[in-house]
Every structure is written in C-alpha cells, then in structure tokens.
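Input: a single structure, listed below in structure tokens.
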Amino acid sequence: MVCFFSWNLWSLKFKPVAKKPKYEVKESPVHGRGVFAAKDIKKGKKIIEYTGNIISWEEANQRFIDNEGHSFTMFFGIDEERVIDGAENGNEARFINHSCKPNCVAKNKEGRIFIYSKKKIKEGKELFYDYRLEIEGKITKKILKKYACFCGSKECRGTQLDIKKKKEES
C-alpha cells in the first residue's frame, strides 16, 4: 500500500505541464480568419510548420479555383516541382494572412516550410508574412485586383504578388 501511494505522488508531481500555445486562429480585421499570438513571441522563434498534402505544381494548377473576385490560395511552393496544399490536411498556418510589412518570415528547411518571427510579437497581435506570390503572364489591373492586399501598412504595395521579381524578369 505504501509503495502504491508513493508511486501516485511521484507520478502526480512529475507529469508534463501543458504549454500554452504560441498562437490561436480567430476572425481577422484584415481578411477572413487570421492567426494571432496567444502569448508574447520572441524575435527569431519558430512558430509553426506549414503543413498539408504535398503535390506537384501541375496538380496545384488543376486544383486552383480561379474566381472572378478576390483570389486566395492555401498553396505554398516548396521548390520547382512541389507545393504544399494547406487546404488538404493543413494546419493553422494556412490562416496566416499576407502583409507587405510582415512580422514573420517563412523559411524552407530541407523541403519543410516553417514560420518564424521576424521581431518580437506581442500577445494578441496578428501574425503575417509576405506571400510574394508569383504568377505566369502579364500583370494587368484585373490581376492586381484579384490579388489585392488588405494589410493597410504604410509600405503596402497594393498586391500580394511579387511585382519586384516580375519587373526584374521583364
């Protein structure tokens, strides 16, 4: 009996403590749902991995729904051949919104995409990274409207597209 009682006290004393998550998903004032810091996040911290089914770019192009209004995507390019489709088996990272002045950055680590903080992020602040989307063909006013940015920062370029890279290619 004493041995059982001692074991119960030991197991209660050394149970792992659940950590408060770094983020939470809720409605965003910028666009749809967003991801917000659930506690202060230090600069340079890994926040979350972008997950989902890994597919080819060809498959991604077939799955892409080209609506007439504002386009949004849950695809994240890994390399020239592969893409993560966050809409299928994806996690909360798919809800991180775009900003032209982001507080996070996406890093490719051996074919896996991780979101890191670029600076200290206070509890309650929304997480953003710059999508810098790339599309084929000419960027027209219609395309710019389709990929409009809603971040509202002073540095806003008005689009989620990587127009700087597109200009360099021209």
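The values are calculated or read from the model by the stated rules, or taken from the named source; none is laboratory data. Remember, it's a predicted structure, so these values are computed and weren't measured experimentally. Cβ sites come from the backbone with ideal geometry, for glycine too, and all protein chains shown count toward neighbours. All accessible areas refer to the heavy atoms of the entire protein, side chains included, with ligands and DNA or RNA removed. Shrake-Rupley method; radii C 1.70, N 1.55, O 1.52, S 1.80 Å.
Pick out the one residue from Gly111, Gly158, Gly124, Gly137 that is of a type outside the set (Val, Ile, Thr) and closer than 18 Å to Arg33 by Cα.
Being of a type outside the set (Val, Ile, Thr) and closer than 18 Å to Arg33 by Cα holds for just one of Gly111, Gly158, Gly124, Gly137, which is Gly124.
Restricting attention to the stretch 136-156, does a residue exist that is polar (S, T, N, Q) and at pLDDT 95 or above?
no
Given the criteria farther than 26 Å from Ile54 by Cα and among the hydroxyl-bearing types (Ser, Thr, Tyr), does Ser99 qualify?
No.
What is the residue count in the stretch 136-150 for residues that are open to solvent by 30 Å² or more (accessible area, probe 1.4 Å) and touching a Lys or Arg at 6+ places or on another chain (Cβ under 8 Å)?
Going through the stretch 136-150 one residue at a time, the tally reaches 1.
Would you confirm whether or not the stretch 125-132 contains a residue that is buried (at least 16 other Cβ atoms within 10 Å of the Cβ), of a type in the set (D, E, K, R) and over 30 Å from Lys22 (Cα atoms)?
Looking for residues that are buried (at least 16 other Cβ atoms within 10 Å of the Cβ), of a type in the set (D, E, K, R) and over 30 Å from Lys22 (Cα atoms), one finds none in the stretch 125-132, hence no.
Quickly run through the stretch 88-102 and pick out the residues that are surrounded by fewer than 20 Cβ atoms within 10 Å (Cβ to Cβ) and of a type in the set (A, V, I, L, M, F, W, C).
Selection gives Cys100 alone.
Would you please name the residue that is most open to solvent (accessible area, probe 1.4 Å), looking only at residues in the stretch 42-63 that are among the polar types (S, T, N, Q) and without any contact (Cβ under 8 Å) to a residue 12 or more places away in the chain?
Gln62
Go through the stretch 103-122 and give me each residue that's closer than 16 Å to Leu133 by Cα and open to solvent by 20 Å² or more (accessible area, probe 1.4 Å).
Val105, Ala106, Lys107, Asn108
Could you tell me which numbered condition Tyr129 fails, if it satisfies all but one of (1) modelled with pLDDT under 95; (2) touching a His at 6+ places or on another chain (Cβ under 8 Å)?
Tallying (1) modelled with pLDDT under 95; (2) touching a His at 6+ places or on another chain (Cβ under 8 Å), Tyr129 fails exactly one: (1).
Could you please find all residues in the stretch 90-123 being charged (D, E, K, R) and either touching a residue at least 12 places away in the same chain (Cβ under 8 Å) or touching a helix residue (DSSP H, G or I) at 6+ places or on another chain (Cβ under 6 Å) (or both)?
Glu92, Arg94, Lys101, Arg112, Lys118, Lys119, Lys120, Lys122, Glu123
To keep it simple, each residue is scored yes or no on (1) more than 20 Å from the chain's Cα centre (by Cα); (2) of a type in the set (S, T, N, Q).
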{"site": "Lys109", "(1), (2)": "no, no"}
{"site": "Phe114", "(1), (2)": "no, no"}
{"site": "Lys119", "(1), (2)": "no, no"}
{"site": "Glu126", "(1), (2)": "no, no"}
{"site": "Tyr131", "(1), (2)": "no, no"}
{"site": "Gly137", "(1), (2)": "yes, no"}
{"site": "Thr140", "(1), (2)": "yes, yes"}
{"site": "Cys149", "(1), (2)": "no, no"}
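Can you go through Asp66, Asp85 and tell me which one is modelled with pLDDT under 95 and surrounded by 15 or more Cβ atoms within 10 Å (Cβ to Cβ)?
None of the others qualify; the one that does is Asp85.
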